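The values are calculated or read from the model by the stated rules, or taken from the named source; none is laboratory data. Everything numeric here is computed off the predicted structure, so don't read it as measured data. We place every Cβ from the backbone using ideal geometry, glycine too, and count neighbours over all the protein chains shown. When the accessible area is computed, the model is the full protein with side chains, heavy atoms only, and any ligands, DNA or RNA have been set aside. Shrake-Rupley method; radii C 1.70, N 1.55, O 1.52, S 1.80 Å.
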Amino acid sequence: VCQGPIEFCYPEARRTLVDRYLEHVAGHGYDGISFYTYVENTSLRYLDEFGFNEPIVAEFKRRYGVDIRTEPFDREAWYRLRGEYLTAFLRELHDALTSRGKKLSITLRPDKPNFPQRWYGTQVDMPGAGMVYMDWETWVKEGMVDEVFVWHGADPKPFLQKVLDACSGKPVEVVVY
């Protein structure tokens, strides 16, 4: 049963996932893990269904003075806030993997690289995790990823040059599907 994505705004959720992934990757001798950004979630009914968890609501209210549960709000700012928690998770995961000599790969959709992939098991062009801003350029710049995997979903060529430029001079491999 998958009624919604894990929200990375909870430090305990991030820690549990990092521990679980590290146990599997290190315990089974894998070189690393590839982090796909889609969620096999068939329960998503509309794009902005998830992301109203208390830590997100409180932080948005602190920053912008708006309660996203009851007042009109800037959705882009909300997507970016949710993305900050995703970045925190990837930073924690990468640090844990690196401490064991393991690598982290991130998968991006070339036509919408700053948002999660949709699950290709559905015919709906909605990411199962909802709208979470994926700041992949910061991940590359700060060395939080070891590989960027440009996934299918659109012609990768227009986006690929941007990825190559961002990864130039960095110890980041680029893979294209």
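Restricting the count to DSSP beta bridges whose residues both fall in the chain, what percent are antiparallel, rounded to a multiple of 5?
0 percent
Could you list which residues have their amide H under 5 Å from that of Ser34, counting only those 5 or more apart in sequence or on another chain, with H placed in the peptide plane?
For Ser34, the qualifying residues are Ser105.
Accessible area per residue for the chain in Å², computed with a 1.4 Å probe and the full protein assembly in place, what is it?
I get 53 Å² per residue for this part.
If you take every residue apart from Ala96 with its C-beta less than 14 Å away from the C-beta of Ala96, what net charge results, scoring Lys and Arg +1 and Asp and Glu -1?
Charge balance in the 14 Å sphere: +2.
Give the long-range amide H neighbours of Phe149: residues separated by 5 or more places, or on another chain, with amide H under 5 Å away, using H modelled in the peptide plane at 1.01 Å from N.
Amide H neighbours of Phe149, under 5 Å, 5+ apart: Ile106, Thr107, Leu108, Val175.
Could you give the radius of gyration (one decimal) and Dmax (whole number) of the Cα atoms in the chain, in Å?
Spelled out, the Cα radius of gyration and Dmax of the chain are 16.4, 49 Å.
Hey, what do the phi angles of segment 98-103 turn into as Karplus ³J(HN,Hα) couplings, whole Hz, using 6.51/-1.76/1.60 and θ = phi - 60°, x for Gly and Pro?
Each residue's phi maps through the Karplus curve to give 4, 4, 10, x, 10, 10 Hz.
Size of the dipole of segment 1-145 about the Cα centre, Lys and Arg at +1 and Asp and Glu at -1 on the beta carbon, nothing else charged, in debye to 20?
Computed charge dipole of segment 1-145: roughly 180 debye.
Using Cα-Cα distances under 8 Å and only pairs 6 or more residues apart, what relative contact order does segment 32-177 have, in percent?
Reported as a whole number, the value is 28 percent.
Filter Lys102/Lys141; Lys61/Lys170; Lys61/Lys157 down to the pairs with a C-alpha to C-alpha distance above 30 Å, please.
Pairs exceeding 30 Å: Lys61/Lys170; Lys61/Lys157.
When the scattering of segment 44-103 is computed by the Debye formula from its Cα atoms alone, each counted once and equally, what is log10 I(q)/I(0) at q = 0.13, 0.16 Å⁻¹?
With no solvent term, the Cα-only Debye profile gives -0.45, -0.60.
Calculate the spin-label point distance for Thr138 paired with Tyr46, positioning each point 7 Å from the Cα along the beta-carbon direction, and give it in nanometres.
2.8 nm
Sort Asp165, Asp111 from largest to smallest accessible area, using a 1.4 Å probe on the heavy atoms of the protein chains.
On the way: Asp165 100, Asp111 70 Å².
Result of the area sort, largest leading: Asp165, Asp111.
Report the local net charge at Phe149: Lys and Arg +1, Asp and Glu -1, summed over other residues whose C-beta lies under 11 Å from its C-beta.
-2
Determine the calculated [θ] at 222 nm for the chain from helices alone, applying -39500 (n - 2.57) to every DSSP H run no shorter than 4 residues and normalising by the residue count; nearest 500 deg cm²/dmol.
-13000 deg cm²/dmol
Classify segment 1-75 as rounded, prolate or oblate, taking a ≥ b ≥ c as the square roots of the eigenvalues of its Cα gyration tensor: rounded when a/c is under 1.5, otherwise prolate if a/b is larger than b/c and oblate if not.
Prolate shape, in that a/c is at least 1.5 and a/b is the bigger ratio.
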